[in-house]
Amino acid sequence: MFGKVTLKDEKIIDRWSMIVENAQGLAEQIYTDTEANVKEMKAPGISFERVQVRPSWLKGLLGNERSYMMVTNDALGDYRMFIGARDYGDALDIQWYMTCEPGFFSKKLSNVLTSGASDKALSLNLDIFLQQDLSAYATVVHHCMLKAIEKMMTGKGQDTSQIDRKSKGFLGIS
C-alpha cells in the first residue's frame, strides 16, 4: 500500500514532461532505472518512496489518484520531487514536478511576515549553499530520469534526440 499525498498546483515550482510513443507498459522500468541511476551517482541524502497522489483531499476520496515516485532530500525538507509515468493510449506519459511545501511553522511565519501574501516566503528564501544543493538535487534526479528514458527508447529503437531536456519553472534545469 502506497502512502497518500495531496498535491495542489500552487505547490509546484518546476516541472518537466514528455510523451514517448509506443512505450505503454514501461512505467515501472522508468521508476526502477531512475532510482538505480540516482543510487549509482551516490547523491547524498536522496530517498525514494512510492505514493498515491491526489489533487485535493475531496478528489482523493472520490478515487481520483495516480501513482508517483516521491523523491526527497534530507537537507531540503520543504522540497519534494514527484516522478510520474503512466500509459496514455499506446504511449507513455512521463513527467516530474518539483514542489515546495513548507512545514506548519514556516508556513505560518511566512504568512505573518508577508501579511498573507505568501506561505512560502521562508522556504523560497534560500542562501547560496541551499540554492546550490536544491539545483544539484533536482538536476541529478532529472538527468538520471532522462538516462532511464534514453535506455527505454534505445531498447525500442527510437530516436532519443527528440527529448526536450529543459524544465519549465523556477529552476530551469537542462
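Cβ contacts < 8 Å: first residue part of a helix (DSSP H, G or I), restricted to the range 145-174; second residue among the charged types (D, E, K, R), any location; separation 6+ or different chain. Result?
Note: pairs meeting the criteria are L146/R165; K147/D33; A148/D33; K151/D33; M152/D33; M153/D159; T160/E150.
Which of the strands (runs of 3 or more DSSP E) found entirely inside the range 1-75 contain at least 1 residues meeting this: in contact with a Leu (Cβ under 7 Å, 6 or more places away or on another chain) and modelled with pLDDT of 85 or more?
12-20, 46-54
Could you grab me the full set of residues in the range 15-43 that are surrounded by 12 or more Cβ atoms within 10 Å (Cβ to Cβ) and farther than 26 Å from G89 by Cα?
Of the range 15-43, the ones surrounded by 12 or more Cβ atoms within 10 Å (Cβ to Cβ) are 15-24, 26-27, 29-39, 41, 43.
Once the filter is applied, which keeps residues that are surrounded by 12 or more Cβ atoms within 10 Å (Cβ to Cβ) and farther than 26 Å from G89 by Cα, the range 15-43 yields A36, N37, V38, K39, M41, A43.
Considering only residues that are among the acidic types (D, E) and at pLDDT 95 or above, look in the range 79-128 and name the one that is surrounded by the most Cβ atoms within 10 Å (Cβ to Cβ). Write out each step before concluding.
First, the residues of the range 79-128 that are among the acidic types (D, E): 87, 90, 93, 101, 119, 127.
From what is left, the residues that are at pLDDT 95 or above are 87, 90, 93.
Details: D87: 13, D90: 10, D93: 17.
Filtering first and then ranking leaves D93.
Could you figure out which of (1) at pLDDT 90 or above; (2) closer than 20 Å to I46 by Cβ isn't true of K156?
(2)
The values are calculated or read from the model by the stated rules, or taken from the named source; none is laboratory data. It should be emphasised that the depicted structure is a prediction, and the values quoted were computed from it without experimental measurement. All Cβ positions, even for glycine, are placed from backbone atoms using ideal geometry, and neighbour counts span all protein chains on display.
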